[in-house]
Amino acid sequence: MPVPVVISGPSGVGKNTVLGRILATCPETAYCLSTTCRPPRGGERDGVDYHFLTRPAFEAAVAAGEFVEWAEVHGQLYGTRRADLEAHLSAGRDVLLQKDVQGGMALSAAYPEALLIYLLPPSWEELERRLTGRATDEPNEIARRLETARRENEMARHNTHWEVNDALEETITAVQHIILGDRYRKIRVSA
Ligand code: ADP
Ligand code: 5GP
């Protein structure tokens with residue numbers, strides 16, 4: 001049985017990097033696009049970066065119970081639609097999602113079998129280096145993200161797996177093993 005696989009962790013720890021590599025190397029995995037009511041930013045495309053909805057359409061979908069989880073972030077609505085998730089699961093693919101700890105917890109309420117993988121930085125100094133090195137955020141935004149990271153780390157006990165993203169190749173292998181191990185465990189149980 002395929003499962004949702006949620007990758008969480010502080011901004012800059014390497015979630016996107018790891019997720020991209022797992023999708024490229026782990027057969028039968030797929031990425032579940034989120035839905036948002038925020039307008040597309042330059043170059044973003046509907047169905048590629050997000051499913052973009054108007055706010056009224058998003059709110060109607062919430063009222064109709066279409067979301068497994070949703071949240072308001074910086075004044076905009078974001079969420080995971082059950083139909084998007086189920087489309088991949090019923091096609092036999094483990095579904096990778098990137099969520100904050102709260103989003104992961106909400107998802108596991110609906111899918112208790114979900115794997116919740118929390119990535120940790122080797123140190124705060126290294127996390128700061130990665131955020132700075134990525135060169136996408138101003139210093140005050142980096143400080144805000146580091147503060148959020150401390151709060152997230154305190155909630156990380158709700159996750160089912162933890163990996164320190166130090167050497168990237170080792171992290172990729174560890175995450176692959178979590179996913180493959182879960183598949184193997186079920187084969188053994190049902191055999
Ligand atoms: P997130 O999605 O968690 O915000 P990113 O995947 O954007 O983080 O990674 C942040 C920066 O850290 C990027 O520049 C990325 O290349 C780098 N990075 C990711 N994993 C590692 C690693 N294991 N070692 C060193 N740098 C890394
Ligand atoms: P951005 O607008 O920069 O693309 O995303 C802002 C934030 O929205 C992300 O960092 C993430 O925390 C949150 N977000 C994106 N997609 C989802 C989702 O499907 N569910 C939840 N709960 N939050 C999301």
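Determine whether region 166-173 contains at least one residue that is out of contact with any helix residue (DSSP H, G or I) (no Cβ under 9 Å at 6 or more places or on another chain) and either touching a residue at least 24 places away in the same chain (Cβ under 8 Å) or not charged (D, E, K, R) (or both). Within region 166-173, one or more residues are out of contact with any helix residue (DSSP H, G or I) (no Cβ under 9 Å at 6 or more places or on another chain) and either touching a residue at least 24 places away in the same chain (Cβ under 8 Å) or not charged (D, E, K, R) (or both). In region 84-129, what count of residues is obtained for those that are charged (D, E, K, R) and within 14 Å of ligand 2 (Cβ to nearest atom)? Of the residues in that region, 3 qualify. In the set (1) part of a strand (DSSP E or B); (2) within 12 Å of ligand 2 (Cβ to nearest atom); (3) closer than 20 Å to His161 by Cα, the condition left unmet by Ala30 is number (2). Counting the residues of region 88-113 that are open to solvent by less than 60 Å² (accessible area, probe 1.4 Å), away from ligand 1 (no atom under 16 Å from the Cβ) and assigned to a helix (DSSP H, G or I) gives 6. Here Thr132 passes the criteria (1) under 30 Å from Val3 (Cα atoms); (2) more than 16 Å from ligand 2 (Cβ to nearest atom) except the one numbered (1). Number of residues in region 108-140 that are among the polar types (S, T, N, Q) and touching a residue at least 60 places away in the same chain (Cβ under 8 Å) equals 1. Step by step: first the residues of region 52-77, then only those that are in a strand (DSSP E or B) and open to solvent by less than 50 Å² (accessible area, probe 1.4 Å), then the one that is nearest to Arg183 (Cα to Cα). Which residue is that? The extreme case among them is Val68. Inspect all residues belonging to region 6-16 and state whether any of them is surrounded by fewer than 20 Cβ atoms within 10 Å (Cβ to Cβ), closer than 20 Å to Glu86 by Cα and out of contact with any Gly (no Cβ under 7 Å at 6 or more places or on another chain). Looking for residues that are surrounded by fewer than 20 Cβ atoms within 10 Å (Cβ to Cβ), closer than 20 Å to Glu86 by Cα and out of contact with any Gly (no Cβ under 7 Å at 6 or more places or on another chain), one finds none in region 6-16, hence no.
Considering (1) touching a helix residue (DSSP H, G or I) at 6+ places or on another chain (Cβ under 6 Å); (2) of a type in the set (D, E, K, R); (3) within 13 Å of ligand 2 (Cβ to nearest atom), the lone condition that Asp49 does not fulfil carries the number (1).
Any idea how many residues of region 158-172 are assigned to a helix (DSSP H, G or I) and loosely packed, with under 13 Cβ neighbours inside 10 Å? Residues in region 158-172 being assigned to a helix (DSSP H, G or I) and loosely packed, with under 13 Cβ neighbours inside 10 Å: 3 in total. In region 116-135, the residue that is farthest from ligand 1 (Cβ to nearest atom) out of those that are over 15 Å from Lys15 (Cα atoms) and outside any helix (DSSP H, G or I) is Ser123. Just one of the listed residues (Cys32, Cys26) is crowded, with 20+ Cβ neighbours inside 10 Å, within 24 Å of Lys186 (Cα to Cα) and touching a residue at least 60 places away in the same chain (Cβ under 8 Å), namely Cys32.
The values are calculated or read from the model by the stated rules, or taken from the named source; none is laboratory data. As the structure is a computational prediction, the values presented were derived from the model and not from experiment. Note that we place each Cβ from the backbone using ideal geometry, even for glycine, and neighbour counts take in every protein chain shown. To get the accessible areas, we keep the full protein, side chains included, count just its heavy atoms, and leave off ligands, DNA and RNA. Shrake-Rupley method; radii C 1.70, N 1.55, O 1.52, S 1.80 Å.
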